Amino acid sequence: MKWDSLEQTQGNFDTSLWADRVVNITQLNNMYLRGHTLVWHSQLPSWVTSGGFNNASLISVMQNHITNVMAKWKGKVYIWDVCNEVLADDGSMRSSVFYNTIGEYFIDIAFNTAKVADPNAILAINDYNIDGTGSKSTGMTNLVTRVKARGVPIEQIGIQAHLIVGQVPTTLTTNWNAFANLGVSIA
């Protein structure tokens, strides 16, 4: 459910290639579906990355995308990865068209837009390399703390968990408990 496959040209949404099929299969089989992902620095159509948008126009583009995608499957997607991979490995904000144009508040705008689009969906921020403690996990803790303090409805931290057998971080439980202490679920 990535941007470049759903909205290849601005304002034209096509979910028939595969996304509708996935949603239909989950509905027919009483399965829970996680929507991945609404706002991500990768797999964006060139009209987004090279569109030369200013702050206001990129906010409008982002809100339109989130609203249309979520409205299409309202009540059928249990969890949405609203923002994906917003952090660099050192825990700072990742450079992206959204961050570079809007600043950190693109996260607030995305989550608030998503909550209006489907108030019953669980809204997640998702990233990799945040399994155990470290600078990126600390960055996620600090980010979620800041954003939630502004009243933004982040309800879950999605941990991609690209784990290798025998190399699972020894601090995994400690880190996940720290995330849970932020008042979010962990997945």
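Just checking, how many residues over the stretch 1-60 are exposed (fewer than 13 other Cβ atoms within 10 Å of the Cβ), in a strand (DSSP E or B) and hydroxyl-bearing (S, T, Y)? The number of residues fulfilling the criteria is 1. Can we say S95 is farther than 18 Å from T37 by Cα, surrounded by fewer than 18 Cβ atoms within 10 Å (Cβ to Cβ) and either modelled with pLDDT of 95 or more or among the hydroxyl-bearing types (S, T, Y) (or both)? The answer is no for S95. Considering the stretch 64-81, and only residues there that are in contact (Cβ under 8 Å) with a residue 60 or more places away in the chain and assigned to a helix (DSSP H, G or I), the residue that is surrounded by the fewest Cβ atoms within 10 Å (Cβ to Cβ) turns out to be N68.
With the condition kept exactly as written, say whether any residue in the stretch 90-97 is within 21 Å of N12 (Cβ to Cβ) and among the hydrophobic types (A, V, I, L, M, F, W, C). Scanning the stretch 90-97, I find at least one residue that is within 21 Å of N12 (Cβ to Cβ) and among the hydrophobic types (A, V, I, L, M, F, W, C), so the answer is yes.
Would you call F98 touching a residue at least 40 places away in the same chain (Cβ under 8 Å), assigned to a helix (DSSP H, G or I), closer than 26 Å to T133 by Cα and out of contact with any Pro (no Cβ under 7 Å at 6 or more places or on another chain)? Considered against the rule, which asks whether it is touching a residue at least 40 places away in the same chain (Cβ under 8 Å), assigned to a helix (DSSP H, G or I), closer than 26 Å to T133 by Cα and out of contact with any Pro (no Cβ under 7 Å at 6 or more places or on another chain), F98 comes out as no. Scanning the stretch 151-186 for residues that are open to solvent by 50 Å² or more (accessible area, probe 1.4 Å) and either part of a loop (DSSP other than H, G, I, E, B) or at pLDDT below 95 (or both) turns up G151, E155, H162, L163, I164, V165, G166, Q167, V168, T170, N181, G183.
Contact map, the stretch 120-146: residues that are under 30 Å from A71 (Cβ atoms) paired with residues that are part of a helix (DSSP H, G or I) and open to solvent by 30 Å² or more (accessible area, probe 1.4 Å), Cβ distance under 7 Å, separation 6+ or inter-chain. Pairs shown: L123/K115.
The values are calculated or read from the model by the stated rules, or taken from the named source; none is laboratory data. Given the structure is predicted, the values throughout are model-derived calculations rather than measurements. Virtual Cβ from ideal backbone geometry, glycine too; neighbours counted across all protein chains shown. Protein only, heavy atoms only, side chains kept; ligands, DNA and RNA dropped before computing areas. Shrake-Rupley method; radii C 1.70, N 1.55, O 1.52, S 1.80 Å.
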